[in-house]
1. Whose amide H sits under 5 Å from the amide H of Thr91, counting only residues 5 or more places off or on another chain, with H placed in the peptide plane?
2. What is the helix-to-structure angle for 194-205, meaning the angle in degrees between its Cα long axis and the longest Cα principal axis of the chain, kept from 0 to 90 and rounded to the nearest 10?
3. Under the definition of Cα pairs under 8 Å and six or more residues apart, what whole-number percent is the relative contact order of the range 6-80?
4. Relative contact order (percent) for the chain, with alpha-carbon contacts under 8 angstrom and 6 or more residues of separation?
5. Need the full-extension length gain, Lys64 to Met146, defined as separation in residues times 0.36 nm minus the C-alpha distance. One decimal, nm.
6. Once you have a ≥ b ≥ c as the square roots of the Cα gyration tensor eigenvalues for the chain, tell me rounded if a/c is under 1.5, and otherwise prolate or oblate according to whether a/b is larger than b/c.
7. Of all DSSP beta bridges in the chain, what percent run antiparallel (nearest 5)?
8. Which of Tyr66, Tyr14, Tyr251, Tyr189 has the fewest other C-beta atoms within 10 Å, and how do the rest follow up to the most?
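Nothing in this text is a laboratory measurement; each read-out follows from the coordinates by a stated rule. Predicted model only: the values in this text are computed from it and were never measured. Positions of Cβ are generated from backbone atoms using ideal geometry, with glycine treated the same way; all protein chains shown enter the neighbour counts.
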Amino acid sequence: MEKKDIFLLIETRYRSFTNTEKKVADYIKQHTRDVIYMSITDLADACGVGESSIFRFCKTLDFKGYQEFKIALAHSFTMDDETPQLTSEITMQDSINELSSKILSSTVNALSQTNKLINNHDIEKAVDWMIEAEKIHFFGVGTSLMTAMEGKNKFMRITNKTECSFDSHLQVMSAALMTPKDVAIVISYSGSTKDTLEVAKVASERGVKVISITRFQKSPLTTYSDITLLCGANEGPLQGGSLTAKISQLYLLDVLYAEYFKRTNEQSILNKESTAKAVIEKLL
């Protein structure tokens with residue numbers, strides 16, 4: 001994608017903007033660092049406009065959509081910064097010790113923020129649904145698919161009712177065959193990935209209980225979610241797939257797993273012993 005200077009584009013086209021577009025442009029200029037980490041819903045709320053207005057603003061600047069706009073915004077932000085950056089904190093001049101310390105700090109902060117965002121009632125309700133469910137389907141694409149696979153792998157050790165399809169087409173097909181007795185755990189950092197939204201929409205229309213793990217309280221994904229579990233890691237558009245965000249998601253899955261195991265202790269112990277025995281011969 002060709003790099004564009006957002007601020008130059010806004011300056012040269014400002015007079016031709018509608019009043020709504022000027023409102024969005026003014027907010028972006030004043031809160032650039034914050035906007036990089038905002039969902040389209042967050043930005044719309046902050047500007048006091050609709051999501052469609054944000055999308056039209058992006059199209060006015062010749063971008064295909066909001067995500068492409070945010071990538072260009074991040075590039076423009078780093079172009080204006082005197083210090084070349086790999087992320088919002090790590091610079092090209094950092095030593096290995098500095099790199100490791102900063103990564104440790106950002107990971108610990110993300111986990112701490114995630115812990116503060118945990119709603120005990122939501123965790124209890126989510127685990128209630130998982131215990132009662134006939135099937136638990138984990139969904140995600142890209143990096144979130146890796147998290148979904150890890151969720152299946154973890155719960156598979158204590159229950160035989162977990163599912164996770166690798167292909168986005170297979171995922172939406174699985175969603176189309178789910179019933180109100182099933183639970184869908186949908187993982188998406190942004191909450192605005194098209195394939196993931198389609199899965200959540202289909203599952204919701206089938207009466208399935210949808211639990212989402214995402215960064216933003218307000219995003220397209222949460223409109224199809226019965227319970228939203230928030231991860232606290234900030235991930236810019238140039239940091240897609242960061243391990244810090246993934247670790248935050250895995251932390252929430254671990255909390256769900258521990259609560260599930262605690263409540264189904266007797267059966268979970270038996271299942272864990274059986275699955276451990278099944279693979280023990282694979283080890284030297």
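1. Correct list: Leu86.
2. So the inclination is approximately 50 degrees.
3. Details: 47 pairs, mean separation 25.4, N = 75.
Across the range 6-80, relative contact order equals 34 percent.
4. Working: 394 pairs, mean separation 54.3, N = 284.
Averaging sequence separation for qualifying contacts and normalising by length gives 19 percent for the chain.
5. On the way: separation 82, 0.36 × 82 = 29.52 nm, distance 2.69 nm.
Stretched out fully, the Lys64 to Met146 stretch lengthens by 26.8 nm.
6. Numbers: a/c = 2.47, a/b = 1.64, b/c = 1.51.
Since a/c reaches 1.5 and a/b is larger than b/c, the shape of the chain is classed as prolate.
7. On the way: 1 of 16 bridges.
Roughly 5 percent of the beta bridges in the chain run antiparallel, per DSSP.
8. Working: Tyr66 23, Tyr14 13, Tyr251 18, Tyr189 28.
Ordered by Cβ neighbours within 10 Å, fewest first: Tyr14, Tyr251, Tyr66, Tyr189.
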